[in-house]
Amino acid sequence: MYGGLIFFNLSCGSDKKLQQEAQTFLGQYTREYVRLYTESSEAQWAANTKIVEGDSTNARAVERTGQAFASFTGSDSNVETAQKYLDQKDKLTELQVKQLQKIKYIAANNPASLADIIKKRIKAENTQIEKLYGFTFRIDGKPVSANQIDDVLKDQTNLPARLKAWQAGKEVGKGLKKGLTELRDLRNQTVQALGYKDYFDYQVSDYGIPADDMMRLIKKINNELRPLYKELHTYARYELAKKYGVKEVPDYLPAHWLPNRWGQDWSAMVSVKGMNTDSVLKTKTPEWIVKDAEDFYRSLGFPALPSGFWQKSSLYPVPPSSSYKKNNHASAWHMDLQNDVRSLMSVEPNSEWYETANHELGHIYYYLTYTNKDVPPLMREGANRAYHEAMGSLMGLASQQLPYLKKKAILPENTRTDQVQTLLKEALNYVVFIPFSAGTMTEFEKQLYADKLPENQYNKAWWDLAKKYQGIEPPSARGEEFCDAATKTHINDDPAQYYDYALSFVILFQLHDHIAKKILHQDPHATNYYGNKKVGEFLKDIMRPGASKDWNSVLKEKTGSDLSAKPMLDYFSPLLKWLKEQNKGRKYTLSESI
């Protein structure tokens with residue numbers, strides 16, 4: 001017995017020493033990682049917020065800082081040391097193991113053995129971004145912004161005018177095609193050096209599952225929602241044909257009929273009586289929109305945003321007379337993995353930007369909440385990537401519910417709305433987005449990276465997938481001189497991750513269902529989170545650990561169930577019944593399942 005105790009103590013002492021050694025390495029690595037990450041973030045921020053045609057200053061800074069970050073994170077020394085400790089992971093703490101695994105994951109995107117390839121990839125990525133965001137859209141030869149194209153597709157009923165706007169939005173793809181191929185090859189080469197099959201496989205591995213399992217998961221989600229999407233697709237075909245005065249209803253939706261350039265959000269088709277928030281929001285300033293979003297979070301018990309957020313963010317459109325452009329795609333940035341948080345938006349006083357501002361601050365407050373002493377910088381991420389989007393989308397949804405809008409005096413207290421029409425508008429956003437994100441986008445990028453889709457088949461493959469999953473066709477033949485897939489921002493600058501967004505909507509409705517029923521005791525269709533500190537604590541409890549806890553266990557602990565589309569289906573069940581009535585006698589053209 002005595003000898004056993006001595007052995008136990010010696011073993012514990014040995015483990016303690018190893019843990020201290022591992023911690024020393026992690027501390028040294030993290031300090032340099034944060035320094036280089038911050039420098040790279042600053043360079044990328046400048047490149048996204050001030051795009052000057054012909055000026056390569058920002059591009060050079062992005063390349064220089066990106067290469068320094070890649071050189072450090074991919075160094076053989078760091079990889080070998082991390083692996084040395086992982087070989088004895090049973091003696092380390094769970095948090096140490098997670099950080100060491102993260103070091104190896106990051107290294108796979110920047111292996112030192114491929115320094116020249118990494119350099120080429122960084123340069124190619126920067127060139128692609130400059131082409132994408134520096135492009136001048138034109139209609140009838142006149143320069144127009146992306147927002148102006150979107151406005152035409154939302155409001156215009158003249159089909160030739162809609163067609164011109166839609167085609168204008170796709171012109172940027174022509175110049176991105178070869179760059180996409182180059183990026184595909186460079187990204188694949190990079191991660192294959194450390195044992196991943198391809199870049200798609202690498203990105204999915206961040207969830208702790210193989211790519212095949214991810215494809216099965218999103219197929220399951222697609223099929224669970226297919227009956228509802230099929231009804232929405234049929235309804236849209238007939239209603240839009242009526243709207244545009246087309247007598248013969250097409251079997252598939254012409255892409256330029258839809259109020260979004262990629263057919264990912266059809267909600268502008270529906271105007272809910274009584275829900276005219278634009279009438280009030282148009283009287284506000286863009287600054288008010290963002291401040292009001294902050295007020296929502298503060299009412300839940302979150303702190304005021306840091307002063308640096310207001311000083312350093314790029315929140316509003318660049319004036320037309322400006323000598324530079326900027327990325328108009330809304331995003332949130334955690335610049336230093338500490339408290340320098342910023343948002344890149346082009347806020348205008350309307351309902352779309354009102355929801356977007358609430359969404360983006362969801363990311364910002366996630367950053368701030370997991371920036372705490374218990375979460376090392378390497379773990380300052382969402383529980384998985386989908387959680388970040390889920391938090392933003394959850395708050396976007398909450399900001400659009402009638403009781404909340406009344407509380408905020410954006411709608412009068414006596415406002416009455418049609419619940420079915422409200423659900424229809426929401427479904428044309430949330431449900432319609434699933435076959436786009438978990439279908440067209442994910443399948444295309446899988447084909448691109450895993451199957452090495454030939455460049456001369458990009459456009460055909462894209463439209464085949466859009467037809468299969470979304471039931472959408474181009475207005476006319478689209479040859480291989482086009483690259484309509486590359487007109488979607490994230491295929492270029494946030495690749496092989498679109499399943500994140502689909503999973504985020506599933507998580508969103510799980511969280512919303514729990515908040516409505518278990519915390520607020522309200523109808524999930526008519527909630528008001530405002531001022532409820534218990535809701536804030538529920539959200540903080542999910543946000544606080546960052547990526548230091550397993551994402552499955554976080555969901556199970558907080559909601560009582562594993563990932564499931566059931567709450568989403570339950571939410572829209574009244575709408576499904578109504579749609580079936582509306583579609584009686586109409587022709588269905590989509591398959592029953594994928």
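Points worth noting:
- Residue tally, condition of a type in the set (S, T, N, Q) and either in the same structural domain as residue 495 (by TED's automatic domain parsing) or more than 23 Å from the chain's Cα centre (by Cα) (or both), over segment 167-221: 4
- Single unsatisfied condition, residue 590 versus (1) among the aliphatic types (A, V, I, L, M); (2) within 30 Å of residue 126 (Cβ to Cβ); (3) not assigned by TED's automatic domain parsing to the domain that holds residue 392: (2)
- Residue within segment 388-407 that is free of Cβ contacts under 8 Å to residues at least 40 places away in the same chain, more than 30 Å from residue 100 (Cβ to Cβ) and either among the aliphatic types (A, V, I, L, M) or in contact with a helix residue (DSSP H, G or I) (Cβ under 6 Å, 6 or more places away or on another chain) (or both) present: no
- A single entry from 225, 194 fulfils the requirement of being in contact (Cβ under 8 Å) with a residue 12 or more places away in the chain and not in a helix (DSSP H, G or I): 194.
- Taking (1) part of a loop (DSSP other than H, G, I, E, B); (2) at pLDDT below 95 in turn, residue 478 satisfies each apart from (2).
- So residue 182, is it farther than 30 Å from residue 551 by Cα, in contact with a helix residue (DSSP H, G or I) (Cβ under 6 Å, 6 or more places away or on another chain) and either of a type in the set (Asp, Glu) or not in a helix (DSSP H, G or I) (or both): yes
- Restricting attention to segment 141-198, the residues that are hydrophobic (A, V, I, L, M, F, W, C) and over 20 Å from residue 487 (Cβ atoms) total 5.
- Failed item, numbered, when residue 535 is tested on (1) of a type outside the set (Phe, Trp, Tyr); (2) buried (at least 20 other Cβ atoms within 10 Å of the Cβ); (3) over 17 Å from residue 403 (Cα atoms): (3)
- When segment 508-527 is filtered for residues that are touching a residue at least 12 places away in the same chain (Cβ under 8 Å), outside any loop (DSSP other than H, G, I, E, B) and over 24 Å from residue 221 (Cα atoms), the ones remaining, listed by number, are 519, 520.
- Boolean, residue 331 is of a type in the set (S, T, N, Q), in contact with an Asp or Glu (Cβ under 9 Å, 6 or more places away or on another chain) and more than 11 Å from residue 289 (Cβ to Cβ): yes
- Every residue from segment 149-161 that is over 17 Å from residue 489 (Cα atoms) and either in the same structural domain as residue 318 (by TED's automatic domain parsing) or within 27 Å of the chain's Cα centre (by Cα) (or both): 151, 152, 153, 154, 155
- Considering segment 257-357, there are no qualifying helices (runs of 4 or more DSSP H) wholly inside with 2 or more residues that are among the polar types (S, T, N, Q) and on the phi > 0 side of the Ramachandran plot.
- Residue within segment 260-275 that is touching a strand residue (DSSP E or B) at 6+ places or on another chain (Cβ under 7 Å), without any contact (Cβ under 8 Å) to a residue 60 or more places away in the chain and either of a type in the set (A, V, I, L, M, F, W, C) or under 24 Å from residue 505 (Cα atoms) (or both) present: no
- The lone exception for residue 162 - which of (1) over 30 Å from residue 105 (Cα atoms); (2) of a type outside the set (Gly, Ala, Ser); (3) surrounded by fewer than 17 Cβ atoms within 10 Å (Cβ to Cβ) it fails: (3)
- Restricting attention to segment 109-119, the residues that are under 26 Å from the mean Cα position of the chain (by Cα) and either under 20 Å from residue 382 (Cα atoms) or surrounded by fewer than 18 Cβ atoms within 10 Å (Cβ to Cβ) (or both) total 1.
- Of residues in segment 134-159 being of a type in the set (A, V, I, L, M, F, W, C) and touching a residue at least 60 places away in the same chain (Cβ under 8 Å), the one farthest from residue 321 (Cα to Cα): 159
- Here residue 336 fulfils each of the conditions (1) at pLDDT 95 or above; (2) crowded, with 19+ Cβ neighbours inside 10 Å; (3) in contact with a helix residue (DSSP H, G or I) (Cβ under 7 Å, 6 or more places away or on another chain) apart from (2).
- Residue check: residue 322 meets all listed conditions (1) exposed (fewer than 14 other Cβ atoms within 10 Å of the Cβ); (2) in contact with a strand residue (DSSP E or B) (Cβ under 8 Å, 6 or more places away or on another chain); (3) hydroxyl-bearing (Ser, Thr, Tyr) but one, namely (2).
- Of the residues in segment 411-424, not one is under 28 Å from residue 540 (Cβ atoms) and out of contact with any Ser or Thr (no Cβ under 6 Å at 6 or more places or on another chain).
The values are calculated or read from the model by the stated rules, or taken from the named source; none is laboratory data. Not measured: the values here are computed from a predicted model. All Cβ positions, even for glycine, are placed from backbone atoms using ideal geometry, and neighbour counts span all protein chains on display.
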